[in-house]
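**Q** Here you go, one structure.
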Amino acid sequence: MFASLKKMVKVSSRIFVVLVLSLGVFAQIGLAEKITLRFQGWRLAETIPSRIYEELRLDFEKINPEITLKFEPVPYDDRLVKPQSQIAGGAPPDVLMMTEADVIPFASQGLLMNLDSLYEREGGKEFTGKLLEPLFDFDLYKGSYYGVPVEVVIIELLFYNKRMFREAGLPDRAPLTWSEFLHYTQKITKDTDQDGVIDKYGCLLWGKAPGDAAKFFVGWALRNGATLLDEKGTKFLLNTPKGLETLRFYTELWTQHKVTPDPIDLDFPAIGRLYAQGIGAMVQHGPWCKPLTLEANPDMEGQIGVGASPLGPSAKTNVAQLLGMSMSIPRGAKHVDAAWKWITFLLEDKAQMEFAFGINFFPSVKRLLKSPRITEAEDLIMRAGFDMVLNGQVNQILLNPQYPKIERAIWEELQSAWLEQKSPEKALSDMTARIDKLIGS
Amino acid sequence: MNRKQRELLVFFGPLIITLIAVLGLPLIIAFRQSFLGDGINTGFVGLSNYKEVLLDPILGKVLRNTLLFVGFSVLLHFTIGLGLAMLLNLEMRGRKIFRILLLLPWLIPPVVGTLGWSWVLSKEWGILNAIIFHQLHLVSSPLPWLTSPGLAMLSIIMVWGWRGYGFVMVMVLAGLQGIPVEQYEALAIDGGSGIDAFFYITLPNLRFILMVTLFLDMVWTFQHFDIIKVLTDGGPVNSTEMFSTLIYRVAFRFFEFGHATAIAILLFLGLSILGVIYVRIVLRGTE
């Protein structure tokens with residue numbers, strides 16, 4: 001009896017081992033078919049956009065059950081540092097979120113994959129024809145595509161504090177011209193507690209971070225009718241009466257009129273805080289200003305006004321900087337086809353409209369951009385932004401691979417003018433000389 | 001190989017392998033990178049990266065800024081650290097609690113502490129200006145601690161001084177506790193004063209520790225990055241740009257890896273020469 005029992009245990013244990021091993025093998029086969037697609041970007045770290053991306057992720061995975069989408073949020077300031085290290089280390093994500101200023105410098109350093117073959121596979125001209133043409137300027141390097149534009153971004157909306165306007169006796173609308181802007185800021189700027197220090201400011205100017213400082217200053221120049229580059233893109237043309245008029249006006253808001261806190265102290269968190277607390281009445285910002293302000297101070301509900309940035313005295317037409325967000329595939333990405341599926345998924349109607357009405361980023365798909373839902377939107381940010389999109393033009397200096405150094409040169413000279421180390425004339429002349437040296441090379 | 005050699009290999013082998021992997025290999029890779037062009041997979045460019053670094057007009061400013069920062073920060077660390085160590089070496093109630101409290105700046109994560117300081121130093125709303133201007137009226141207007149070139153440098157020296165004295169304090173305190181009490185008693189019997197005790201007993205006994213601490217503090221301060229990046233990011237107008245922030249910017253903002261590693265290698269060579277001279281002085285002293 002014991003012998004047969006012993007035999008039974010032996011056989012059963014062998015069957016058990018075979019079963020376990022078989023399950024393991026089948027499980028591995030199942031696992032091997034599933035792809036983990038890594039998507040990295042700074043919007044994944046932001047409250048509202050991350051919620052939208054999460055919803056889209058679920059939809060995408062339902063349609064593509066063989067793909068698991070893994071989000072890798074990264075702070076905005078680290079958005080370039082982390083992927084560079086990952087690409088150099090041979091472990092890049094599969095899809096990278098890039099701003100309009102990132103794709104060309106990255107492409108010029110060999111950090112991104114050439115997407116021409118994928119564009120061709122998607123239909124070539126038929127594919128590119130669906131999207132807003134100027135946006136491709138940000139994704140083309142030496143005639144090849146290195147990104148796909150998925151959003152249009154407008155950063156020159158002028159947000160104002162309705163309560164502060166009301167208290168200053170100003171109308172409930174954004175100023176339309178520079179002289180009106182100055183007048184508004186002067187009416188609002190006050191030392192309310194008479195302690196010798198101003199505690200209410202008419203505006204907030206971006207001056208601490210190079211990227212923000214350069215972009216906003218260039219925007220002011222464009223809205224004064226200035227031209228940035230010659231046709232060949234090898235000469236910086238801002239050292240003109242219009243350019244000087246812009247620099248003088250912009251810097252004198254601090255050096256002379258003191259209608260802003262020290263711009264050199266103002267970065268994204270500081271500006272957000274000061275606007276939300278009702279210390280600065282007007283700020284140029286992207287559409288994310290409203291949700292961030294309400295998150296910081298719910299009492300601002302109903303007090304946030306928005307309009308277009310004012311036009312300069314030398315402006316002949318309304319113009320705004322057209323910026324964008326692109327998706328790129330880094331060099332060495334493991335799952336190129338799956339990455340392309342995710343990128344093209346973000347161009348579908350649902351994703352585009354979620355971004356438009358969830359976070360006020362405009363669709364890059366022309367058909368949707370011109371749809372009544374967008375053109376007749378009641379949301380004030382959408383309406384103000386849409387006008388700017390229609391009048392948008394690409395900032396040509398963003399297309400130069402040396403843009404990071406150009407941006408640094410603009411920032412340093414702007415700060416020199418704010419610190420009154422240089423006159424506006426000298427600052428502009430030095431800025432021009434430095435940029436000419438960079439873009440001429 | 002005899003038994004002793006085998007034992008040495010067993011005990012020190014893993015350490016040497018780790019040091020090679022963690023220190024040696026990255027150094028070799030960086031050295032190689034400094035002779036390559038910018039970007040990824042670019043070719044050999046010889047000494048052109050080094051030439052570009054040495055001819056860069058900003059190099060003089062960065063060197064000056066770094067030397068100022070290192071000089072004054074280390075001085076602050078030693079002044080505060082040595083003084084506090086001597087105080088904490090005295091017998092007093094609550095000594096243990098004071099030791100922990102005084103170490104707190106060193107223990108707080110650097111970025112967290114620095115963010116706090118950026119609030120303290122804010123021109124319009126910082127507590128420092130609230131005290132010196134609004135309360136005590138020591139100045140006629142709020143000071144631009146982070147937005148004026150001169151004051152920005154002073155601010156980062158102050159913040160690093162606050163953060164870094166703890167290391168000096170701990171090292172000196174350990175050294176003080178190793179000084180034989182009999183030496184002080186003997187001096188007291190001979191009629192020596194407290195100042196005599198400091199110069200003739202304390203300092204000579206602490207000489208080796210002070211020199212090692214000085215060297216380490218200088219090297220760490222040369223390489224320091226967090227406080228500068230968070231408080232000023234090298235601004236305004238490069239007035240607080242150091243080698244550390246310059247390397248970061250050239251590598252990760254301008255994508256010029258070859259150029260950035262050339263700066264890093266030059267800095268490494270400079271510090272190595274300093275280290276060799278220093279070690280020789282220390283060794284001569286101990287002989």
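**Q** With respect to A:Asn360, is the statement that it is of a type in the set (S, T, N, Q) and without any contact (Cβ under 8 Å) to a residue 40 or more places away in the chain true?
**A** no
**Q** Filter segment A:276-334 for residues that are touching a residue at least 24 places away in the same chain (Cβ under 8 Å), in contact with an Asp or Glu (Cβ under 8 Å, 6 or more places away or on another chain) and not in a strand (DSSP E or B) and give the result.
**A** A:Ile279, A:Trp288, A:Ser309, A:Pro310, A:Gly312, A:Pro313, A:Ser314, A:Asn318, A:Ile329, A:Ala333, A:Lys334, listed by residue number.
**Q** Say we look at segment A:237-247 and pick out the residues that are under 19 Å from A:Glu412 (Cβ atoms) and assigned to a helix (DSSP H, G or I); which of these is nearest to the other protein chains (Cβ to nearest Cβ)?
**A** A:Leu247
**Q** For A:Ile198, are the conditions met, namely being in contact with a Lys or Arg (Cβ under 7 Å, 6 or more places away or on another chain), within 14 Å of another protein chain (Cβ to nearest Cβ) and assigned to a loop (DSSP other than H, G, I, E, B)?
**A** It is true that A:Ile198 is in contact with a Lys or Arg (Cβ under 7 Å, 6 or more places away or on another chain), within 14 Å of another protein chain (Cβ to nearest Cβ) and assigned to a loop (DSSP other than H, G, I, E, B).
**Q** Give the residues of segment A:127-144 that are part of a strand (DSSP E or B) and over 20 Å from A:Glu348 (Cα atoms), sorted by residue number.
**A** Residues satisfying the conditions are A:Leu140, A:Tyr141, A:Ser144.
**Q** With the condition being hydroxyl-bearing (Ser, Thr, Tyr) and within 14 Å of another protein chain (Cβ to nearest Cβ), I'd like the helices (runs of 4 or more DSSP H) fully within segment B:179-287 carrying at least 2 qualifying residues.
**A** Hits in segment B:179-287: B:243-248.
**Q** Within segment B:123-141, can one find any residue that is of a type in the set (D, E, K, R), touching a Leu at 6+ places or on another chain (Cβ under 9 Å) and not in a helix (DSSP H, G or I)?
**A** Yes.
**Q** When both residues are 6+ apart or on different chains and their Cβ atoms are under 6 Å apart, which pairs have a first residue that lies in segment A:180-201 and is within 17 Å of A:Gly307 (Cβ to Cβ), and a second that is part of a helix (DSSP H, G or I) and open to solvent by less than 60 Å² (accessible area, probe 1.4 Å)?
**A** If the second residue must be part of a helix (DSSP H, G or I) and open to solvent by less than 60 Å² (accessible area, probe 1.4 Å), the pairs left are A:Ile188/A:Met164.
**Q** Additional query: Can you tell me which condition A:Pro175 does not meet? The list is (1) in contact with a Ser or Thr (Cβ under 9 Å, 6 or more places away or on another chain); (2) at pLDDT below 95, and all the others hold.
**A** With respect to (1) in contact with a Ser or Thr (Cβ under 9 Å, 6 or more places away or on another chain); (2) at pLDDT below 95, A:Pro175 is out only on (2).
**Q** Just one of (1) surrounded by 13 or more Cβ atoms within 10 Å (Cβ to Cβ); (2) at positive phi trips up B:Arg207, so point out which.
**A** Condition not satisfied by B:Arg207: (2).
**Q** Also: Could we say that B:Ile247 is crowded, with 18+ Cβ neighbours inside 10 Å and closer than 21 Å to A:Ala213 by Cα here?
**A** No: the conditions fail for B:Ile247.
**Q** Pick from segment A:72-90 the residues that are touching a residue at least 60 places away in the same chain (Cβ under 8 Å) and either in a loop (DSSP other than H, G, I, E, B) or within 9 Å of another protein chain (Cβ to nearest Cβ) (or both): which of them is farthest from A:Ser328 (Cα to Cα)?
**A** Of everything passing the filter in segment A:72-90, A:Gly90 is farthest from A:Ser328 (Cα to Cα).
**Q** Right, A:Pro171: under 28 Å from A:Ala320 (Cβ atoms) and assigned to a helix (DSSP H, G or I) or not?
**A** no
**Q** Among the residues of segment A:38-65, write down those that are more than 22 Å from the chain's Cα centre (by Cα), open to solvent by less than 60 Å² (accessible area, probe 1.4 Å) and of a type in the set (D, E, K, R).
**A** The answer is A:Asp59, A:Glu61.
**Q** Could I ask something else about it? Out of (1) in contact with a Lys or Arg (Cβ under 9 Å, 6 or more places away or on another chain); (2) open to solvent by 10 Å² or more (accessible area, probe 1.4 Å), what's the single condition that is false for A:Leu131?
**A** Only one criterion is unmet by A:Leu131, namely (2).
**Q** Between a residue in segment A:248-268 that is more than 15 Å from A:Glu413 (Cα to Cα) and part of a loop (DSSP other than H, G, I, E, B) and any residue that is open to solvent by 10 Å² or more (accessible area, probe 1.4 Å) and basic (Lys, Arg), which pairs come within a Cβ distance under 9 Å, given they are 6 or more apart or on different chains?
**A** A:Pro261/B:Lys123; A:Asp262/B:Lys123; A:Leu266/A:Lys208; A:Asp267/A:Lys208
**Q** Let me ask something else. Looking only at helices (runs of 4 or more DSSP H) that lie completely in segment B:26-107, which have at least 3 residues being over 26 Å from B:Asp217 (Cβ atoms)?
**A** The helices (runs of 4 or more DSSP H) meeting that bar are B:48-55.
**Q** With over 24 Å from B:Phe69 (Cα atoms) and within 20 Å of the chain's Cα centre (by Cα) as the only criterion, which of B:Ala174, B:Ala130 stands out?
**A** Answer to the check: B:Ala174.
**Q** Would you call B:Leu15 of a type outside the set (S, T, N, Q), open to solvent by 70 Å² or more (accessible area, probe 1.4 Å) and within 14 Å of chain A (Cβ to nearest Cβ)?
**A** Taking the combined requirement at face value, the residue does not satisfy it.
**Q** Which members of segment A:107-126 meet the condition of being within 14 Å of chain B (Cβ to nearest Cβ) and either loosely packed, with under 14 Cβ neighbours inside 10 Å or part of a helix (DSSP H, G or I) (or both)?
**A** Within segment A:107-126, A:Ala107, A:Ser108 meet the criteria.
**Q** Criterion first (at pLDDT 95 or above, within 14 Å of chain B (Cβ to nearest Cβ) and under 26 Å from the mean Cα position of the chain (by Cα)) does A:Trp254 satisfy it?
**A** No; evaluated as a whole, the condition is false for this residue.
Table: residues versus (1) within 14 Å of chain B (Cβ to nearest Cβ); (2) among the charged types (D, E, K, R).
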residue: A:Ser50; (1), (2): no, no
residue: A:Asp102; (1), (2): yes, yes
residue: A:Pro105; (1), (2): yes, no
residue: A:Thr128; (1), (2): no, no
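**Q** Among B:Lys96, B:Lys61, which is the only one that is open to solvent by 30 Å² or more (accessible area, probe 1.4 Å), of a type in the set (D, E, K, R) and at pLDDT below 90?
**A** Among B:Lys96, B:Lys61, only B:Lys96 is open to solvent by 30 Å² or more (accessible area, probe 1.4 Å), of a type in the set (D, E, K, R) and at pLDDT below 90.
**Q** Could you look through segment A:407-426, keep only residues that are buried (at least 22 other Cβ atoms within 10 Å of the Cβ), over 24 Å from the mean Cα position of the chain (by Cα) and more than 9 Å from chain B (Cβ to nearest Cβ), and pick out the one that is nearest to A:Ala221 (Cα to Cα)?
**A** A:Pro424
The values are calculated or read from the model by the stated rules, or taken from the named source; none is laboratory data. These figures come from a predicted structure and were not determined experimentally. Here Cβ is always computed from backbone atoms with ideal geometry, including for glycine, and neighbour counts include all displayed protein chains. These area figures cover heavy atoms from the full protein model, side chains too; ligands, DNA and RNA do not enter into them. Shrake-Rupley method; radii C 1.70, N 1.55, O 1.52, S 1.80 Å.
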